[in-house]
Amino acid sequence: MKILVINGPNLNMLGVREPEIYGSLTLEQIKDELEVYAKDLDSSIELEFFQSNSEGGIVDKIQSAYNVFDGIIINPAAYTHTSVAIADAIASVNIKTVEVHLSNIYSREQFRHSSFIAPKCLGQVAGFSNNGYKMALYGLYCSLK
Ligand code: CA2
């Protein structure tokens, strides 16, 4: 089972600033932790990680997943609240996708309460910091196996 994990803009800065909102782990540490979790869950799970600060880069990566990956986990970061292009890309590849947010976007500013991405997804996990990626992987795994 091949799963693509996509992280959007500024998430490469995790662990550097705002740990009270996003947790203290770096993106590299979140990646390492998810690799360990995946191996424990099922040794046949293969993860690939991708981070981009650009909307086009994320759209290109989603398109390239067509017929290659079984599932996608995505934290679209700020593009969650603005990107029709990423939402359309997810719909176009027909790959089961789970949206993840480190913070609880519904307890923050009003503009973070809406997601263009969520309606194209199997589900959404928000507010559980780095553990959200593990929760998303478990949900995706159960729905794919
Ligand atoms: O809670 C999340 O995971 C978000 O996707 C994070 C985005 C935010 O725009 C979304 O509304 C919710 C922001 C990512 C910015 O990452 C930073 C990392 C370190 C320091 C500052 C920002």
Quiz prompt | For Asp88, solvent-accessible area (1.4 Å; no DNA, RNA or ligand), Å² | solution = 90 Å²
Practice problem: Could you tell me the largest-minus-smallest coordinate of the C-alpha atoms of the chain on each of the three principal axes, in descending order and whole angstroms? | Solution: 37, 31, 23
Quiz item: For the chain, what are the DSSP H helices with axial Cα length of 18 Å or more and mean Kyte-Doolittle hydropathy of at least -0.5?
Solution: 131-144
Exercise. Quick one: accessible surface of Thr26, probe radius 1.4 Å, all protein chains present, in square angstrom to the nearest 10.
Key: 50 Å²
Quiz item: How many lysine pairs are close in the chain, with Cα atoms under 23 Å apart and the two 8 or more places apart or on different chains?
Solution: 24
Exercise. Determine the per residue accessible area of the stretch 8-143 with all protein chains present and a 1.4 angstrom probe, expressed in square angstrom.
Key: 50 Å²
Quiz item: How much accessible area does Tyr138 have with a 1.4 Å probe, in Å² rounded to the nearest 10?
Solution: 110 Å²
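The values are calculated or read from the model by the stated rules, or taken from the named source; none is laboratory data. The structure presented is a predicted model; accordingly, all values stated were derived computationally and were not measured. Protein only, heavy atoms only, side chains kept; ligands, DNA and RNA dropped before computing areas. Shrake-Rupley method; radii C 1.70, N 1.55, O 1.52, S 1.80 Å.
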